[in-house]
Amino acid sequence: MSKRHPAGRHFLQIPGPSPIPDRILRATNRQVIDHRGPEFATLGLTVLAGMQRIFQTRHPVIIYPSSGTGAWEAALVNTCSPGDRVLMVETGHFAILWKKIAERLGLLPEFIPGDWRHAIDPAQIAQHLAADSAHTIRAVACVHNETATGITSDIQAIRAAIDSVGHPALLMVDTISGLGAMPYQHDAWGVDVSIAGSQKGLMMPSGLSFHALSPKALEASKSARLPRGYWAWDEILAANVRGFWPSTPSTNLFFGLVEAIQMLEEEGLEQVFARHVRHAAATRAAVARWHLEVLCQDPACHSPVVTAVLMPEAHDADRLRQIALEHFDLSLGMGLSKMAGRVFRIGHLGDINDLTLIGALAGVEMALGLAGVPHERGGVQVAMDYLRETA
Ligand SMILES: *Cc1c(COP(=O)(O)O)cnc(C)c1O
């Protein structure tokens, strides 16, 4: 905690949790209601239908009172059996965490190694599945937007790769930091289990996680043999039909979720996605002017929600972050696991406008100067030029 009262507002530029708009904060600030009563049923049906529109699915969605990690576990326990093989790809820190959960559950994840600088290569997935002629791989589990690296993978291309070799594996996608900020189409892309969280693109407090399901995933859950109690889809879906949950739902977060969905739809999902793409491009323009390197080496795969920036040799990213926080009340994302100290991440997702971004980039540029990191000034100017030209 800062020792003195900081004037103005804090710049929370981490890639989730993202800043919560006042409208959503106010919506959650209400007396709780009876979660078995008629008023609740309307609320429950409203959030379920709203999340179907956000996931772009006609099929059931699940809402859990948990962070995204819970929904990772839930996706596996509802569809897999002990000893099942699961194909995963090392996009970065979050892919590694999901794989660890699979291991703890007694699954056999097969990890396609990655260098944290490129997106998932669909050809590698096709190759791996083609070698599995007995079809013992139960699922392909991918991270859509790897928040640790700022790299987005092409889910449609991964679906096509699975289909190209005629493999029946389920496709599970973690879009925890993608949903609500970048295009996502659960049905059209042929995803079996999509996984999301409330505190990133949805601009909500943490504490809700989501699944979108395909009929194939629901079918798989009937024969899956991993034990599951709290996470089991069947009881939740049965109660959801009438707008209820088997256990106490996060009612006040649901009030906020109604508002969040309304805000996304008022702006228009396409406009929301375009705003994120534009802010990511402005951020990269600033980084280029600073002569720093963006971690993502795949020009087509830059994340619209977060930019990871490599520090020059012998300069510590965490010291830069500390200076940004102390001097400018600006929080930047840290480098995770093998990128600790080597990268800092600029989150540009959720409730962000042009001037928020410029303020954040100005904080980074001044912090680079105070930290003695070699760079060329003028990144903020380049970002302003880009935003003006594309206004
Ligand atoms: C944030 C995040 C998670 C973890 O979600 P929690 O809500 O922290 O449990 C998983 N995957 C990705 C891609 C994330 O960005």
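We did not get these values from a lab; they are worked out from the coordinates using the rules stated. Since we're looking at a predicted model, the values are computed, not measured. Because the Cβ atoms are built from the backbone with ideal geometry, glycine has one as well, and the counts that use them run over all protein chains shown.
So the values come out like this:
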read-out: Share of alpha-carbon pairs per 5 Å distance bin for segment 58-136, given as whole %; value: 3, 13, 22, 20, 21, 14, 6, 1
read-out: Length gained when the stretch E103-A340 is fully extended (0.36 nm per residue, less Cα-Cα span); value: 82.9 nm
read-out: Note, ³J(HN,Hα) from phi for segment 271-284, Karplus 6.51, -1.76, 1.60, rounded to Hz, x at Gly and Pro; value: 5, 4, 5, 5, 4, 5, 4, 5, 5, 5, 5, 4, 5, 5
read-out: Helix-derived mean residue ellipticity, 222 nm - over the chain, DSSP H n ≥ 4, -39500 (n - 2.57), to 500; value: -13000 deg cm²/dmol
read-out: For C142, C301, order by how many other beta-carbon atoms lie within 10 Å, fewest first; value: C301, C142
read-out: The chain, dipole about Cα centre (Lys/Arg Cβ +1, Asp/Glu Cβ -1), debye to the nearest 20; value: 660
read-out: Within segment 72-95: backbone nitrogen closer than 11 Å to the F111 label point (7 Å, Cα to C-beta); value: 88-95
read-out: Stokes-Einstein D for segment 22-265, Kirkwood Rh over Cα pairs, 10 °C, 1.306 mPa s (µm²/s); value: 87
read-out: Peptide ranges 129-137, 150-158, 38-46, 8-16 listed from the most packed, as the mean C-beta count within 10 angstrom indicates; value: 150-158, 8-16, 38-46, 129-137
read-out: 0 to 90° range, to nearest 10: angle between helix 155-164 axis and the chain longest Cα axis; value: 40
read-out: Count, lysine Cα pairs under 27 Å in the chain, 8 or more residues apart or across chains; value: 9
read-out: Residue-wise HN-Hα coupling along segment 217-228, computed from phi with Karplus coefficients 6.51, -1.76, 1.60 (Hz; x: Gly, Pro); value: 5, 5, 5, 4, 5, 6, 9, 5, 10, 5, x, 8
read-out: Gain in span if fully extended, E267 to H135, counting 0.36 nm per residue against the direct Cα distance; value: 43.1 nm
read-out: Sequence-distant residues sharing a close amide H with V143 (under 5 Å, placed H); value: V89, D174
